[in-house]
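Heads up, the thing below is written out as structure tokens.
Any read-out appearing in this document is the output of simple, stated calculations on the displayed coordinates, not a laboratory observation. What you are looking at is a predicted structure, and each value in this text was computed from that prediction instead of being measured. Neighbour counts are summed over all protein chains in view; Cβ atoms, including those assigned to glycine, are modelled from backbone coordinates with ideal geometry.
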Protein chains: 2
Amino acid sequence: MSKKLTSRAENYSKWYNELVVEADLAENSAVRGCMVIKPYGFAIWEKMQAELDRMFKETGHQNAYFPLFVPKSLFEAEEKNAEGFAKECAVVTHYRLQNDPDKPGKLRVDPNAKLEEELVVRPTSEAIIWNTYKGWIQSYRDLPLLINQWANVVRWEMRTRLFLRTAEFLWQEGHTAHATKKEAIAEAELMNNVYATFAEKFMAIPVIQGLKTESERFAGADETYCIEALMQDGKALQAGTSHFLGQNFAKAFDVKFTSKEGKQEHVWATSWGVSTRLMGALIMTHSDDKGLVLPPNLAPNQVVIVPIYKTDEQLDAITEVVNGIIKDLRSKNISVKFDNRDTYRPGAKFAQHELQGVPLRIAIGSRDLENGTVELARRDTLTKEVVPLDGLVDKVEGLMTRIQEALFNKALDYRDNHITEVDSFEEFKKVLEEKGGFISAHWDGTTETEDKIKEITKATIRCMPLEGKLEKGVCVYTGATSERRVLFAKAY
Amino acid sequence: MSKKLTSRAENYSKWYNELVVEADLAENSAVRGCMVIKPYGFAIWEKMQAELDRMFKETGHQNAYFPLFVPKSLFEAEEKNAEGFAKECAVVTHYRLQNDPDKPGKLRVDPNAKLEEELVVRPTSEAIIWNTYKGWIQSYRDLPLLINQWANVVRWEMRTRLFLRTAEFLWQEGHTAHATKKEAIAEAELMNNVYATFAEKFMAIPVIQGLKTESERFAGADETYCIEALMQDGKALQAGTSHFLGQNFAKAFDVKFTSKEGKQEHVWATSWGVSTRLMGALIMTHSDDKGLVLPPNLAPNQVVIVPIYKTDEQLDAITEVVNGIIKDLRSKNISVKFDNRDTYRPGAKFAQHELQGVPLRIAIGSRDLENGTVELARRDTLTKEVVPLDGLVDKVEGLMTRIQEALFNKALDYRDNHITEVDSFEEFKKVLEEKGGFISAHWDGTTETEDKIKEITKATIRCMPLEGKLEKGVCVYTGATSERRVLFAKAY
């Protein structure tokens, strides 16, 4: 079975990498920077997808699918977007391999099969989508256009880490078109809200909604909304972004509509996305030195039942009782797995389910049958209790809710205890060094200061919180006057 | 609104292309051979995905995700597979663009960012997956390994058609590993059966299960099972394939396991897939000159309700009744859309829903309110009837089943009337020319004869039916003895 994980205190980064692999979530592949998402990890992602997809549809969006490739001439049309992604994109230049005349049994690119125009593997789909929207939008009656796509994208990152930063990743990208600026901004805010709700209600991760500074904005956006979460090691993680794109893409691709008043106008746009990076946030928010801890709302199996037996007769008797429990749990929409494999001992099963973060384990042995009890083990608190079989299902149902809430509250406590207001740069550096977390400080609003602070401390402005109150002060670095505090942190 | 479609009799191919675009299913993109799947088309694909995914999980499979790219050295490892796909694969050679020094504002491939090893955009994932399985399989306890992936793949086809043959397409690919040859063959057969069940029960498309001849087999397979359907123009369409891969990939990637007896053995493999090509099959099986006809089991909206009104008061009164109908229909799991757009007239709405194949339309006007009736219009038969509001929901529920069955039976009649046994090559050519469909004929079993017949007639052997009875005869082309008939047809 699996080996013991490095502890978080010893080496947080190593703990993370080991956990991802040992818990069967993902692993590195033969392709530089690309991961394989293993079945157990993918099952969690599927649960996330299902909830998000439901939320997108409830807010009026439809799914569609656009090409993987972006012809270079379209890619370069929106200048800032192109500039932002050109340095890290995979480029298809040929459409055929042939036998290598110099190396028998090997293939090489066929020099006669060079594409006239190179194709960029999408790092994001604004270019190909806005080129398409040009044909779809003529009149105000075609607006708003509210579309989402589930897709893979590629960004040739130099330093990659499983889930957090990979060359290929899975995500969803919403792309919407609106008649007015006001509607587009409302959409960008709505979807940032959807992300925040999803993070808090399903992932049990408290997030701060805010706006990015100019230098942290999406390439091609006028404004980037984000949700920012705090990991257990005091580093922030951007968990989702929603962009107000102004008329930048509409102008680059000449997408106009005839208004009710008969005028030709460029449309207003948003885009928004979350990715498999959320898996990293989920892992780093709740897990412990024993492995993954999953919130019930996203666990592929919310409950696992392990039989403790010596003889086949004992197993039969246990199985009969377990079948009743399973039926009752499923009738309450609680997912349950009966781990009756005869190739592993109970101890190995306990270890595996602990490592894989199953929220609740039920162990049931022959003595339990006699006593009319079972043993419950909560993954989040690592506590056990023996409870009567009578009323078990109600008990489990209640626990699902309580565990979900407990995980959120624990993460919220940690996060709230790691937002520190500072009023001097000395204090800024000291808190960052000794405590980590978010630092709430005044900033003079210039990119120059932001860059300087980053250079000195490695902390960046994670966001200007939407709920932040106005409060006059002076920039922690330059002493210039400032209207409000922003949140700094070191970040993933 | 939409223009009238070319009729099938006039030009079937043109009818198909127009229908796909006019019914808002898909369109060509700026990328050669790649399509955009529009929201309405994608909603149908999502329904297919949901059913298939459920069927895969019910048969014990789990989803996972593997990289988009296959390093050339892995791609070429299984020789036949490589040979089969090398001629049509997109190849990534660079990982960066830079400003073009000769053309201000334009980008070019950065010559300093050439990959050491080229990456093939997956045309199918056996190579990258089997390279991964090597790390996952050590013991008989790791088997069977039953995994499916939903993904995009790229094959650089020269002649493309929306859904039927596109450079990029969406599909699922199952990849399984087994301890014995027998188990692997059983898996390949099981999944071909799943595809047949899906085609018949959900798509309402009758299919023939069979085996491919050597020349039509998947590159790298020992045996390819398939489901073959017949389109309205008498051409066959391969709707799904399931491959028994023998130990070919296990040997190419050295994937061995320790058996219960402690021996090291290569594992046995299958792979199986269906793709967005199914959309083409769905369209061409049921649709008519008025547009798409959808089976209720796959229609995004099974019922559409169109109000007929002049005044707002009338609309209010109708809406009240409609809300009750909607509630009742949804309680029976019937999906329904109330098309109360005030930007289109009823006639335009009727035309749109007819074009988009909504199985049942309910029209309700002020006179209907007085009479306690509604008008039902069936898309498949283009028949209308006025029915009482009382009992409407039961009526609709019954119609959903009847429409589904009627579509299947109509397609089955057509298909069965287009399987012609022939015993001479003259007859073969005459039937193919005048009637089309499947031709059941004796074949001598050689690739040479198969190729000759294809050269002369353009017909290929679609499959050797699994249920075909043994029947001695002589090859329709060479006169050599033959044990059984096979099915020939021109095919998509």
Treat every Asp and Glu Cβ in the protein assembly as shown as -1 and every Lys and Arg Cβ as +1, leave all other atoms uncharged, and give the resulting dipole magnitude about the Cα centre to the nearest 20 debye.
660 debye
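So if R0 is 45 Å, what FRET efficiency would B:SER73 and A:THR343 give, r being the distance between their Cβ atoms, rounded to the nearest 0.05?
Values: r = 35 Å, r/R0 = 0.79.
So, using R0 = 45 Å, E works out to roughly 0.80.
What is the magnitude of the charge dipole of segment B:338-405 about its Cα centre, with +1 placed on the Cβ of each Lys and Arg, -1 on the Cβ of each Asp and Glu, and no other charges, expressed in debye to the nearest 20? Don't skip to the answer; put the middle values down first.
Working: 10 positive and 12 negative charges, 56 e Å.
About 280 debye.
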Loop-resident trypsin sites (Lys or Arg not before Pro) in segment B:431-463 with no more than 16 other Cβ atoms inside 10 Å, DSSP not H/G/I/E/B, are B:LYS435, B:LYS458
Mind checking which aspartates and glutamates have their C-alpha under 20 Å from B:LYS310, skipping anything on the same chain fewer than 8 residues away?
B:GLU320, B:ASP339, B:ASP342, B:ASP368, B:GLU370, B:GLU375
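Return a whole-number percent for the relative contact order of chain A, with Cα pairs under 8 Å and 6 or more residues apart as the contact set.
Values: 975 pairs, mean separation 67.2, N = 492.
Value for chain A: 14 percent.
Specify whether the C-alpha gyration tensor of the protein assembly as shown places it in the rounded, prolate or oblate class, a ≥ b ≥ c being the square roots of the eigenvalues: rounded for a/c under 1.5, otherwise prolate if a/b is larger than b/c and oblate if not.
Rounded, since a/c falls under 1.5.
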Where Lys and Arg each count +1 and Asp and Glu each count -1, what net charge lies around B:LYS57 among other residues with Cβ under 14 Å from its Cβ?
-1
Rounded to whole Å, give me the distance from the Cα center of segment B:430-492 to that of segment B:172-201.
26 Å
Go ahead and collect, in residue order, the members of segment A:469-490 whose backbone nitrogen is under 14 Å from a label point 7 Å along the Cα-Cβ direction of A:SER424.
A:476-477, A:479
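Only Lys, Arg, Asp and Glu count, each charged at its Cβ (+1, +1, -1, -1), so figure out the dipole size of segment B:12-286 about its Cα centre, rounded to 20 debye. Numbers along the way, then the final one.
Working: 32 positive and 37 negative charges, 49 e Å.
With Lys and Arg at +1 and Asp and Glu at -1, about 240 debye.
All other residues with a Cβ under 11 Å from the Cβ of A:MET158 taken together, and with Lys, Arg as +1 and Asp, Glu as -1, what is their net charge?
Numbers: positive: A:ARG32, A:LYS87, A:ARG155, A:ARG159, A:ARG165, B:ARG96; negative: A:GLU88, A:GLU157.
Residues close to A:MET158 contribute a combined charge of +4.
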In segment A:419-489 the DSSP beta bridges are antiparallel at a rate, in percent to nearest 5, of 75 percent
Of all trypsin sites (Lys or Arg not before Pro) in segment A:271-372, which ones are in loop regions per DSSP and have a Cβ with at most 10 other Cβ atoms within 10 Å?
A:LYS310
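For peptide B:150-159, what's the mean number of Cβ atoms from other chains within 10 Å of each residue's Cβ?
Whole-number average of other-chain Cβ neighbours for B:150-159 is 3.
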Ignore the peptide's own chain and count Cβ atoms of other chains within 10 Å of each Cβ in B:35-44; give me the average, rounded.
5
Given a Förster radius of 30 Å and the C-beta distance between B:GLU320 and B:ALA50 as r, what FRET efficiency does 1/(1 + (r/R0)^6) yield to the nearest 0.05?
0.35
Averaged across B:56-64, how many Cβ atoms of other chains sit within 10 Å of each residue's Cβ atom?
3
Tell me, what is the percent relative contact order of segment A:347-492, built from C-alpha pairs under 8 Å that lie six or more residues apart?
17 percent
Just flag the trypsin sites (Lys or Arg not before Pro) in segment B:91-125 sitting in loop per DSSP whose Cβ has no more than 13 other Cβ atoms within 10 Å.
none
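Could you pull out the pairs from A:LYS38/B:LYS212; A:LYS72/B:LYS114; B:LYS435/B:LYS458; A:LYS3/A:LYS337; B:LYS235/B:LYS395 whose alpha carbons sit more than 26 Å apart here? Could you put the intermediate results ahead of the total?
Details: A:LYS38/B:LYS212 32 Å; A:LYS72/B:LYS114 17 Å; B:LYS435/B:LYS458 15 Å; A:LYS3/A:LYS337 24 Å; B:LYS235/B:LYS395 36 Å.
Listed pairs above 26 Å: A:LYS38/B:LYS212; B:LYS235/B:LYS395.
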If one computes the Cα centroid of segment B:54-124 and of segment A:252-308, what distance in Å separates the two points?
26 Å
Straight-line reach from A:LYS251: which lysines fall under 17 Å, measuring Cα to Cα and dropping same-chain residues less than 8 apart?
A:LYS80, A:LYS134, A:LYS181, A:LYS263
Which whole-number percentage describes the relative contact order of segment B:301-398, with Cα contacts under 8 Å and a sequence gap of 6 or more?
32 percent
Per principal axis, descending, Cα span of chain A in whole Å:
79, 68, 55
Pulled fully out, how much extra length does the chain show between A:LYS260 and A:ASP444, if you take 0.36 nm times their separation in residues and subtract their Cα-Cα distance?
62.0 nm
Show me the ranking of peptides B:403-409, B:268-274 by mean Cβ neighbours inside 10 Å, starting with the highest.
B:268-274, B:403-409
Just name one of B:GLY365, A:ASN371, A:MET48: the one whose Cα is farthest towards the positive end of the charge dipole of the protein assembly as shown (beta-carbon charges, Lys/Arg +1, Asp/Glu -1).
A:MET48
Any idea which of B:LEU294, A:MET231, A:THR343 is furthest toward the positive side of the dipole for the protein assembly as shown, if Lys and Arg beta-carbons carry +1 and Asp and Glu beta-carbons -1?
A:MET231
Taking amide H positions as placed 1.01 Å from N in the peptide plane, with prolines and chain starts having none, which residues 5 or more places from A:VAL374, or on another chain, fall under 5 Å of its amide H?
A:VAL387, A:LEU389
